[in-house]
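Chemist: Here's a structure for you.
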Amino acid sequence: FTRCFSLLHSLPLQGSCGIAFDIDGVILRGRTPIGNSPSALRRLYDDSGNLKLPFLFLTNGGGIPESKRAAELSELLGVKILPAQVVQGHSPFRNLLKRYENELIVVTGKGEPAEVMSAYGFKKVLSLEEYASYFDDIDPVAQFKRWTRTTKPFNWPRHSSELAPQIDVYSDRVKAVFVASDPVDWGRDIQVLCDILTSGGLPGKGCEHQPYLYFAADDLEYQAAFSCERLGMGAFRIALESVFNRIHMKPLEYTSFGKPNPFVFQTAGAILRNIQLACQTDDLSGDIDAIHAFRTLYMIGDNPFVDIKGARQAGHPWFSILTRTGVFKERGNHAEFPADLVVNTVEEAVDFILKRES
Ligand code: G3P
Ligand code: MG
């Protein structure tokens, strides 16, 4: 944090508040900024380009390392976003490093999920695509997929390093599987995940205890570039679980991270506190309890079941703002998970916050 925020050191902060911005359906649709998000974000900086109040992005999306996502957001939005300001669905996977650092793990999802896990420090990571390439005919319809690139056999290690541990997929059991971002090839992934999970981590070799399965989020639907919502990771989880539970005697066991999990909001609060402290002093000792140092933490989201439900469950000091640019498009408030405030766009939300905090 000291290095990331050295440029923001000892800057005036406006009030005791912080903001968490959802991305899909609030800031962007696909790669296109929405709701005047670039100008809304610019209002959070003073004339010298210094932060007026701490903010971060709290998204259930992902697929690339936080550093790359920060660079991409900076380019799309025209403001300087630092990696520490990006919390993605898979960011909490870092906390599992101790458990799986030297174990064989398989990760799937759009983008570069294996690079994400390697960046977190995991040593024996294979993407599901790489893993599947070792097993002839594991996907019986692969030959009909005209888009598939043949990556067989996958070259290990991913990065040239003499210290990279050896992987033998035919004798090393997969200890854990991670769904880091929205899967691209649901059919292949469901087949191969069932192979790994029902066999205990060695496809085709008996039946042992199910390896751990982690999802970065559980969004049933989300707002992408298309006019109505798209099926998200939660929909994939339902598909996998339905099939798994039909072919296996024990029900699927898994853990889902991401919003609305209260842990995610606690972590976001602690990071916002660290950003605030980095801006004010050299004291970076912010922890989970430091969240109470804020009078208000604003969550600006488009999904009542995820963003608003999460902020409501997290309780004080969270204040939820629902926009109409994504999953939620109704006139009034949401019936089951009403937000503290409903606005049309993120620009209106920022306008409200700046007036309230001035
Ligand atoms: O795949 C992304 C989606 O599940 C939600 O992203 O930014 O709306 O939390 P976001
Ligand atoms: Mg969203």
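The values are calculated or read from the model by the stated rules, or taken from the named source; none is laboratory data. The model shown is predicted, which means the values in this text are computed figures rather than measured ones. So basically every Cβ, Gly included, is an ideal-geometry build from the backbone, and we count neighbours across all protein chains shown. Quick note on the areas: whole protein, heavy atoms, side chains included, nothing else; ligands and nucleic acids left out. Shrake-Rupley method; radii C 1.70, N 1.55, O 1.52, S 1.80 Å.
Chemist: Of the cross-linked pairs Lys80/Lys329; Lys80/Lys355; Lys205/Lys259; Lys68/Lys259, which ones have a Cα-Cα span greater than 26 Å in the structure shown? Walk me through the numbers before you get to the answer.
Modeler: Numbers: Lys80/Lys329 30 Å; Lys80/Lys355 23 Å; Lys205/Lys259 36 Å; Lys68/Lys259 21 Å.
Correct reply: Lys80/Lys329; Lys205/Lys259.
Chemist: In the P(r) worked out for the chain, what percent of Cα pairs fall beyond 29 Å? Intermediate values should be presented prior to the final figure.
Modeler: Values: 27247 of 63903 pairs.
Tail of the P(r) past 29 Å holds 43 percent of the pairs.
Chemist: For Lys52, go through the aspartates and glutamates and keep the ones whose alpha-carbon is under 13 Å away, minus same-chain ones fewer than eight residues off.
Modeler: Glu357
Chemist: So in the chain, what percent of DSSP beta bridges are antiparallel if you round to the nearest 5?
Modeler: On the way: 5 of 38 bridges.
The antiparallel proportion sits near 15 percent.
Chemist: Once you place label points 7 Å from the Cα toward the Cβ at Glu208 and Gln266, how far apart are they in nm?
Modeler: Each label point lies 7 Å from its Cα, and together they span 3.2 nm.
Chemist: Under 18 Å Cα-Cα from Lys145, which lysines qualify once same-chain neighbours fewer than 8 residues away are excluded?
Modeler: The reachable lysines, counting only those whose Cα sits under 18 Å from Lys145, are Lys110.
Chemist: Before rounding to the nearest 500, sum -39500 (n - 2.57) across all DSSP H runs of length at least 4 in the chain and divide by the residue total; then give [θ] at 222 nm in deg cm²/dmol.
Modeler: Using -39500 (n - 2.57) per qualifying helix, the result is -8500 deg cm²/dmol.
Chemist: Would you mind telling me the share, in percent, of accessible area of the chain contributed by carbon and sulfur at probe 1.4 angstrom?
Modeler: Details: 8370 of 16330 Å².
After summing per-atom areas, the C and S share lands at 51 percent.
Chemist: For the pair Thr255/Val243, report the inter-label distance in nm, with labels modelled 7 Å from Cα in the Cβ direction.
Modeler: Modelled inter-label distance: 2.5 nm.
Chemist: Evaluate the charge dipole of segment 37-144 about its Cα centre and quote only its size in Debye, nearest 20, assuming +1 on the Cβ of each Lys and Arg and -1 on the Cβ of each Asp and Glu.
Modeler: Details: 12 positive and 14 negative charges, 140 e Å.
Roughly 680 debye for segment 37-144.
Chemist: Within the chain, what's the longest run with no chymotrypsin sites (Phe, Trp or Tyr not before Pro) in a DSSP loop and at most 12 other beta-carbon atoms within 10 Å? Give the range, please. If you can, show how the numbers build up before the last one.
Modeler: Values: sites that count: Trp147, Tyr170, Phe226.
Here the longest run is 1-146.
Chemist: While we're looking at this one, here's another question. Given R₀ = 30 Å, what would the calculated FRET efficiency be for Ile138 paired with Leu76, taking r from the Cβ atoms and rounding to 0.05?
Modeler: 0.20
Chemist: Related question: Obtain the nm distance between the two label points defined at Ser227 and Trp147 by a simple spin-label model: each point lies 7 Å from its Cα along the Cα-to-C-beta direction.
Modeler: Here the modelled spin labels are 2.3 nm apart.
Chemist: In the chain, once you exclude exposed GluC sites (Glu not before Pro) (DSSP loop, at most 15 other Cβ within 10 angstrom), what's the longest stretch remaining?
Modeler: Values: sites that count: Glu101, Glu162, Glu208, Glu253, Glu330, Glu336.
Between exposed loop sites, the widest span is 1-100.
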